[in-house]
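Q: I have a structure I would like to understand better, so I am pasting it below and will then ask my questions one at a time.
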Amino acid sequence: METFFKLRERGSSVRTEVIGGVTTFITMAYIMVVNPAILSFAGIPAGPGTVATILTAVVGCLLMGLMANRPIAVAPYMGENAFIAFGLAALGIGWEQRLGAVFVSGVLFVIITLLGVRGWLANAVPPDLKHSFAVGIGLFLAFIGLYETGIVTSFVTGMPAQALQTDAHGLFMTPAVPVKIGNLHDPQVLLAIGGFLLMSVLMIRKIRGALLIGIVVTAVIGGLLGFGHAPKAITALPFTGDYELGQIALKLDIASVLKVGFLPVLLTLFLMSFLDTLGTLTGLGSAANLLDEKGNFPEVERPMLVDALTCMFSGLVGTSTSGAYIESATGISEGARTGLAALVTAVLFAVSLFFIPLIEPLQQLRFAYGPALIAVGVLMAGSVRRINFDDLTEWVPAFATIVMMLFTYNIANGLTVGLVVHPVLKLASGRARDLNAGMIVLALLCAAYYLFGLPH
């Protein structure tokens, strides 16, 4: 393992990688419950969808560990799954066509990765904008944690239906305030706050496994207080009965995707996945000190190829587009620096295939894993100090990236806005020499996303 994963060279150890892999798994294991639930709205059965989700995570994490040697987990993306389930509903597109779009996107990713185009575009992004990716993703993670735990909640929470205003069509109008503080008298909210403070203290004291310890302690206390519910069963055989994968695997419709009328859907999926991966790899690379002196991710083609191959697998097996997961930052914050951590995460996902009934109630303990997302957000937001605040042609695009990522609840939106605003400001200020060909290409692609795609 020392020779293959270069543990000593990267300042890590087997123990550290195992802790990192376990921590990453715990903070992203919710995907096994959430992704199938979302895709069920597209007509994909939840049982087979759960198996497909787990298999994709297993394959993606294995490839990331063995091919790229990075401590980054791979699984079906949040955001893209909502686009597939809800964003395409009005177009009357069947789930077979949606899976076909996922597969074709993966094929395109493989082609441009092998040609070196994907890495070229990734390295074309200026350092200040890359650091803004890390800050935006960190705050996005923190917001997810705050919302999931109930520390922050929707403004309409607790309001009677008759108090909500509707328009002429009977649809709810936008509330005056989007979010508000949660119920601080709720024991589960208090548990989440306590869990975050515990993790913070452990991190301050530089105790290894701080996040994992915090998650376990908070979960145990919550269980003793009676929160959560018992599983309906402990084990179940995958690929049989309700979990028969044959209902969705290899049922994708590729021919329909290749028609001109499907181009906006394909463009949207392609750009969202491409930019999500770019932003996530850059943000995680910054958090793990994996970036070089130019702010580039060394050998970025390897994790991008893993991302592309896993995306193809997603479409074949029956789930949404996949890629590098921002929750990997939890494992990285525990010291994970090599692909061994990704292998540990893959093994845990593989074992989960036989314990699907047991997983569901565990993933309801948001008060336990939510604080870890907030804690990681704190750590990743520190990248803001690397942004040049004195140069507004750099700071304004960085700021736009951060706020749009956070306030539209979508990583791709933040990335596209920043990548468009940056060259516009450079040109308007007479500093076209600061731009490179890759940035111009990215800006045009992002502009096409808003003009011809389906932004959401």
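Q: Criterion first (part of a loop (DSSP other than H, G, I, E, B), of a type in the set (Val, Ile, Thr) and at negative phi) does residue 319 satisfy it?
A: yes
Q: Quick one: is residue 340 outside any loop (DSSP other than H, G, I, E, B) and under 28 Å from residue 50 (Cα atoms)? Before the answer, list the steps.
A: Values: outside any loop (DSSP other than H, G, I, E, B): yes; under 28 Å from residue 50 (Cα atoms): yes.
Criteria met by residue 340.
Q: Taking the conditions exactly as written (modelled with pLDDT under 80 and charged (D, E, K, R)), does residue 98 satisfy them or not? So that I can check it myself, show each step before the final result.
A: Working: modelled with pLDDT under 80: no; charged (D, E, K, R): yes.
The answer is no for residue 98.
Q: If I filter the range 304-320 for residues that are touching a Pro at 6+ places or on another chain (Cβ under 8 Å), farther than 25 Å from residue 15 by Cα and β-branched (Val, Ile, Thr), do I get at least one hit? It would help to see each step written out before you state the result.
A: Step one: filter the range 304-320 for residues touching a Pro at 6+ places or on another chain (Cβ under 8 Å), giving 314, 318-320.
So of that shortlist, the ones also farther than 25 Å from residue 15 by Cα come out as 314, 318-320.
Filter once more, keeping what is β-branched (Val, Ile, Thr): 319.
Yes: one or more hits.
Q: Still on this structure, please answer the following. When residues of the range 241-281 are filtered for being over 17 Å from residue 445 (Cβ atoms) and under 13 Å from the mean Cα position of the chain (by Cα), how many remain?
A: Let us first name the residues in the range 241-281 that are over 17 Å from residue 445 (Cβ atoms), namely 241-262, 280-281.
Next cut, under 13 Å from the mean Cα position of the chain (by Cα) only: 280-281.
Of the residues in that region, 2 qualify.
Q: Does the range 67-75 contain any residue that is of a type in the set (D, E, K, R), at pLDDT below 85 and crowded, with 23+ Cβ neighbours inside 10 Å?
A: Going residue by residue through the range 67-75, those that are of a type in the set (D, E, K, R) are 70.
With the extra rule that they be at pLDDT below 85, the set shrinks to none.
No: zero hits.
Q: Of everything in the range 199-225 that's without any contact (Cβ under 8 Å) to a residue 24 or more places away in the chain and over 14 Å from residue 366 (Cα atoms), which residue is surrounded by the most Cβ atoms within 10 Å (Cβ to Cβ)?
A: 202
Q: Could you tell me whether any residue of the range 211-227 is on the phi > 0 side of the Ramachandran plot and modelled with pLDDT under 75? Break it down into steps so the answer makes sense when it comes.
A: First pass over the range 211-227, keeping only residues on the phi > 0 side of the Ramachandran plot: 226.
Next, only the ones that are modelled with pLDDT under 75 stay: none.
No, every residue in the range 211-227 fails to be on the phi > 0 side of the Ramachandran plot and modelled with pLDDT under 75.
Q: So for the range 342-349 (the condition being touching a Cys at 6+ places or on another chain (Cβ under 6 Å) and closer than 24 Å to residue 207 by Cβ), does at least one residue qualify?
A: Start the filter on the range 342-349 by keeping residues that are touching a Cys at 6+ places or on another chain (Cβ under 6 Å), which leaves 342, 345-346.
Okay, now just the ones that are also closer than 24 Å to residue 207 by Cβ, so 342, 345.
Yes, the range 342-349 has at least one match.
Q: So if I check each of 273, 256, 320, which one is at pLDDT below 75 and either more than 25 Å from residue 331 (Cβ to Cβ) or crowded, with 21+ Cβ neighbours inside 10 Å (or both)?
A: On the way: 256 fails: at pLDDT below 75; 320 fails: at pLDDT below 75.
273 is the lone residue from the list that is at pLDDT below 75 and either more than 25 Å from residue 331 (Cβ to Cβ) or crowded, with 21+ Cβ neighbours inside 10 Å (or both).
Q: Pairs please, first residue from the range 70-99 and over 30 Å from residue 20 (Cβ atoms) and assigned to a loop (DSSP other than H, G, I, E, B), second anywhere and of a type in the set (A, V, I, L, M) and modelled with pLDDT of 80 or more, Cβ atoms under 9 Å, 6+ apart in sequence or on different chains.
A: Listed pairs, sorted by first residue: 88/101; 93/101.
Q: Another question, then. Could you grab the pairs with beta carbons closer than 9 Å, sequence gap of 6+ or different chains, first residue in the range 35-64 and in contact (Cβ under 8 Å) with a residue 60 or more places away in the chain and within 14 Å of residue 345 (Cα to Cα), second one of a type in the set (Lys, Arg) and surrounded by 24 or more Cβ atoms within 10 Å (Cβ to Cβ)?
A: 64/70
Q: Further question on the same structure: Need the failing condition index for residue 389 against (1) over 25 Å from the mean Cα position of the chain (by Cα); (2) not in a loop (DSSP other than H, G, I, E, B), just the number.
A: Failing condition for residue 389: (2).
Q: Can you tell me which residue is surrounded by the fewest Cβ atoms within 10 Å (Cβ to Cβ) among those in the range 298-307 that are over 15 Å from the mean Cα position of the chain (by Cα), among the hydrophobic types (A, V, I, L, M, F, W, C) and assigned to a helix (DSSP H, G or I)?
A: Among those that are over 15 Å from the mean Cα position of the chain (by Cα), among the hydrophobic types (A, V, I, L, M, F, W, C) and assigned to a helix (DSSP H, G or I), it is 305.
Q: Within the group 400, 432, 375, 428, which residue is at pLDDT 90 or above and surrounded by 20 or more Cβ atoms within 10 Å (Cβ to Cβ)? Outline the logic, then answer.
A: Working: 432 fails: surrounded by 20 or more Cβ atoms within 10 Å (Cβ to Cβ); 375 fails: at pLDDT 90 or above; 428 fails: surrounded by 20 or more Cβ atoms within 10 Å (Cβ to Cβ).
Residue meeting the stated conditions: 400.
Q: Restricting to the range 109-149, and then to whatever is in contact with an Asp or Glu (Cβ under 9 Å, 6 or more places away or on another chain) and outside any helix (DSSP H, G or I), can you tell me which residue is nearest to residue 200 (Cα to Cα)?
A: Ranking the candidates gives 126 first.
Q: Which ones in the range 403-456 are in a helix (DSSP H, G or I) and charged (D, E, K, R)? Spell out how you get there, then give the answer.
A: Going residue by residue through the range 403-456, those that are in a helix (DSSP H, G or I) are 403-407, 411-428, 432-434, 437-452.
Residues satisfying the conditions are 426, 433, 434.
Residue by residue, here is whether (1) in contact with a helix residue (DSSP H, G or I) (Cβ under 6 Å, 6 or more places away or on another chain); (2) part of a helix (DSSP H, G or I) holds:
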{"residue": "188", "(1), (2)": "yes, yes"}
{"residue": "191", "(1), (2)": "yes, yes"}
{"residue": "196", "(1), (2)": "yes, yes"}
{"residue": "200", "(1), (2)": "no, yes"}
{"residue": "226", "(1), (2)": "no, no"}
{"residue": "233", "(1), (2)": "yes, no"}
{"residue": "236", "(1), (2)": "yes, no"}
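The values are calculated or read from the model by the stated rules, or taken from the named source; none is laboratory data. These numbers come from a predicted model, not from an experiment. Glycine gets a Cβ as well: all are built from the backbone with ideal geometry, and neighbour counts include every protein chain shown.
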